[in-house]
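Quick notes on the structure that follows.
The values are calculated or read from the model by the stated rules, or taken from the named source; none is laboratory data. Nothing here was measured: the structure is a model prediction, and the numbers come from that model. Counting neighbours? That spans all protein chains shown, and the Cβs are built from the backbone with ideal geometry, glycine included.
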Amino acid sequence: MGKVTGFKEFKRSLPEREDAAARIQHFNEFDRGESDEHIQKQSARCMDCGVPFCHNGCPLGNVIPDFNDAVYKEDWKQAYEILDSTNNFPEFTGRICPAPCEGSCVLGINNDPVAIEYIEKSIIEKAFEQGWVKAYQKQATRDEKIAIVGSGPAGLAAADQLIKLGYQVTVFEKNTRIGGLLRYGIPDFKLEKSIVDRRVALLEASGVTFKSNTEIGVDIQVDTLKAEFDSIILCCGSTIPRDLNIEGRSLKGVHFAMDYLEQNNKIQAGDTFPEEQVISPKGEDVVVIGGGDTGSDCIGTSNRLGATSILQIEILGKPSNRRSHKDAWPLWPMTLKTSSSHEEGCDREWAVMTKRFISEDGNYLSGIELCDIEWKEDQNGKFVMQELPDTTRVIPCQKVFLAMGFLHPQQDLIHSFGLKVDDRKNIYAQNYQTSDPQIFAAGDARRGQSLVVWAIAEGREVAAAVHAKYSDVVPSKVKFEQNLLAV
């Protein structure tokens, strides 16, 4: 442990940000860099707990106290090696992860938790700066060919693991650029796409073959894929959004959030669309339905594109500012979250239900009818919502973005492979192997909508499962890491 009294001497401190009024004028990342001394003090707050619950909070099992200690001792290379041993892409998680590790930090019981995500991002950026992050140079040593469908975080992590184990790896992506959710679902102000390009270039240099603009079942048939590859990993994500089938749903101006975010990411990358197809909230009143990260991304994007007003509504009640017995440490705190996009300007309302979308001309959205609700527990212990009387109102609105989560993967693709699904219509898999022994699944397509950090973890583990099929290695994290280090 570096500094025994560090958690008592230093307060939690994150990098300064560009002023909100200035940063909404562009789509670039806006955190200002901090000195090594500042990062070192933040790492000194780690208490090197006897039982580090941050390990349990992190789906990747990052060895957090160890890399904190290395940063405090100014051994940045060791810190990078420790972080790299468990996390393929710290530059992604260090920017967009909600940091469940911090929710489980022991210091967080009665103080602000260690700024783990900030330290993680600092380590990987230092590693890139110093040239420690390099392409894997060893050529493929195995005859087995592995196809990965989907180039999001799960697919990229699986590719990274398998190429290091000597397999011949090809990643198929239906879009024009590689990255999946990282590329198209997350705005540039949270994750600049040069960061994604940097990692994709390393994977290509390591031997991974990427085939974009290639949709399975259209550009290459399933039978052809199965004939050309020994195993196939489906990392196609949970892409079917939850809809709101109420009166006025078909009006122009009501959009799924991901359609909006994906199109804007493409525009920022230089793609063009016919003017009538561009989803622009400039000079308009915007309502975002859904209180999660996707909704927050819609807020930040709408502010940058010149929306006149933005209202975010959530059907659940307003979270507390403090933990309760239901989310006591070390569980993930179900407390009120205020994102950088919220700081940039919007109104927020909770326990609000949308009743209908309204149009003055029968074609374009002009308003939205809302009402307040309350949640009550029935005799069976189930919470049901009840509309509160005299709360119905109509507010002007020309754009609505539905950010209510995702239901399941694209079913046509799953059916084309002839695979079983579970009761939520996700791909059914045991130890990541589907009902077809040749085919594996990982990420949101298998577990349902989740976090990028979980997708990376699943990518690592599905790679272990595939490797176990062709070797004597037990498909567990520990055994897989030992085997990987021996390669």
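Odds and ends about this structure:
- Selected residue (criterion: farthest from Gln221 (Cα to Cα)) from residues of the stretch 397-440 that are surrounded by fewer than 20 Cβ atoms within 10 Å (Cβ to Cβ) and of a type in the set (Ser, Thr, Tyr): Tyr428
- Hey, Val394 modelled with pLDDT under 95, surrounded by fewer than 16 Cβ atoms within 10 Å (Cβ to Cβ) and either out of contact with any His (no Cβ under 7 Å at 6 or more places or on another chain) or assigned to a strand (DSSP E or B) (or both) or not: no
Conditions (1) assigned by TED's automatic domain parsing to the domain that holds Asn363; (2) modelled with pLDDT of 95 or more; (3) part of a loop (DSSP other than H, G, I, E, B), marked per residue:
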| site | (1), (2), (3) |
| --- | --- |
| Glu374 | yes, yes, no |
| Val384 | yes, no, no |
| Pro389 | yes, yes, yes |
| Leu419 | no, yes, yes |
| Asp423 | no, yes, yes |
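- Index of the failed condition, Cys236 passing every other in (1) outside any loop (DSSP other than H, G, I, E, B); (2) surrounded by 14 or more Cβ atoms within 10 Å (Cβ to Cβ); (3) of a type outside the set (Val, Ile, Thr): (1)
- The stretch 168-184, residues that are outside any helix (DSSP H, G or I), buried (at least 22 other Cβ atoms within 10 Å of the Cβ) and touching a residue at least 40 places away in the same chain (Cβ under 8 Å): Val169, Val171, Phe172, Glu173, Gly180
- Taking residues in the stretch 454-470 that are part of a helix (DSSP H, G or I), and partners anywhere that are crowded, with 24+ Cβ neighbours inside 10 Å and among the charged types (D, E, K, R), the pairs with Cβ atoms closer than 9 Å and at least 6 places apart or on different chains are Trp454/Asp444; Ala455/Asp444; Glu458/Asp444; Glu458/Arg446; Val462/Arg446.
- Among residues of the stretch 90-118, those that are aromatic (Phe, Trp, Tyr) and either surrounded by fewer than 24 Cβ atoms within 10 Å (Cβ to Cβ) or touching a Gly at 6+ places or on another chain (Cβ under 8 Å) (or both), counted: 1
- Residue check: Leu203 meets all listed conditions (1) outside any loop (DSSP other than H, G, I, E, B); (2) in contact with a Phe, Trp or Tyr (Cβ under 7 Å, 6 or more places away or on another chain); (3) surrounded by 21 or more Cβ atoms within 10 Å (Cβ to Cβ) but one, namely (2).
- Index of the failed condition, Ala21 passing every other in (1) farther than 28 Å from Pro330 by Cα; (2) part of a loop (DSSP other than H, G, I, E, B): (2)
- Pair list, Cβ < 6 Å and 6+ apart or interchain, from the stretch 221-235 residues that are under 13 Å from Asp436 (Cα atoms) to residues that are charged (D, E, K, R): Asp230/Glu144; Asp230/Lys145
- Flag if Phe210 is assigned to a helix (DSSP H, G or I), within 24 Å of the chain's Cα centre (by Cα) and in contact (Cβ under 8 Å) with a residue 40 or more places away in the chain: no
- Close Cβ contacts (under 9 Å, 6 or more residues apart or on different chains) running from residues in the stretch 281-303 that are on the phi > 0 side of the Ramachandran plot and surrounded by 22 or more Cβ atoms within 10 Å (Cβ to Cβ) to residues that are part of a helix (DSSP H, G or I) and not hydroxyl-bearing (Ser, Thr, Tyr) comprise Gly290/Ala257; Gly290/Cys298.
- Answer residue from the stretch 53-63, given it is part of a loop (DSSP other than H, G, I, E, B) and touching a Ser or Thr at 6+ places or on another chain (Cβ under 6 Å) and is nearest to Gly179 (Cα to Cα) among those: Leu60
- Those strands (runs of 3 or more DSSP E) lying entirely in the stretch 286-358 with at least 2 residues touching a helix residue (DSSP H, G or I) at 6+ places or on another chain (Cβ under 9 Å): 309-314
- Looking only at the stretch 18-71, and only at residues there that are in contact with a Leu (Cβ under 7 Å, 6 or more places away or on another chain) and farther than 17 Å from Asp84 by Cβ, the one that is surrounded by the most Cβ atoms within 10 Å (Cβ to Cβ): Arg45
- A count restricted to the stretch 1-17 and to residues that are surrounded by fewer than 16 Cβ atoms within 10 Å (Cβ to Cβ), in contact with a Phe, Trp or Tyr (Cβ under 6 Å, 6 or more places away or on another chain) and assigned to a loop (DSSP other than H, G, I, E, B) stands at 1.
- Residue match in the stretch 258-279 (condition: more than 12 Å from Ser341 (Cβ to Cβ), in a strand (DSSP E or B) and at pLDDT 95 or above): no
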